[in-house]
Amino acid sequence: MSLLLDLPKALEHQLQQEADKRERSPEQVALDILASAFAEEQTPTVAEVVARIQATPPNPAMITPPQGSLADALRNGPTDPEFDLERWQAEWAQAEEELRRINLLNDMAEGRA
């Protein structure tokens, strides 16, 4: 397919500069740019991502030696003397009610209710 484009001077100048830098013709550079713009990126599968992670060696700088029992740390987690469970549960219930109200309004606006 042949394609004739009338480029603005500034774009023509940029294309020529890029062609000179790559030691190619402006047409070849334009074709490369179009080809890369339409190239489909290959999204790796979950298995490929897992395999890549498993093949990555550990980084010693990211490893912190244990400083006690994980079970003890989880059992005796930090406490917040300011934390009020009842107040938190009331606020959480209020937030959930607000979300239900918003969802209902959205459903009504979109004809689902």
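Where a number appears in this text, it was derived from the coordinates with a stated rule and is not lab data. The model shown is predicted, which means the values in this text are computed figures rather than measured ones. Cβ coordinates were reconstructed from backbone atoms using ideal geometry, including for glycine residues, and neighbour counts include every protein chain displayed.
Computed values, structure above
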| quantity | calculated |
| --- | --- |
| Single residue of ALA19, ALA47, ALA55, ALA51 found to be within 30 Å of LEU5 (Cα to Cα) and without any contact (Cβ under 8 Å) to a residue 40 or more places away in the chain | ALA19 |
| Tally, over segment 1-36, of residues that are in a helix (DSSP H, G or I), of a type in the set (Lys, Arg) and surrounded by 10 or more Cβ atoms within 10 Å (Cβ to Cβ) | 1 |
| Some residue of segment 55-71 being in a helix (DSSP H, G or I) and either surrounded by 10 or more Cβ atoms within 10 Å (Cβ to Cβ) or touching a helix residue (DSSP H, G or I) at 6+ places or on another chain (Cβ under 9 Å) (or both) | no |
| Some residue of segment 34-41 being more than 30 Å from GLN16 (Cβ to Cβ), aliphatic (A, V, I, L, M) and out of contact with any helix residue (DSSP H, G or I) (no Cβ under 8 Å at 6 or more places or on another chain) | no |
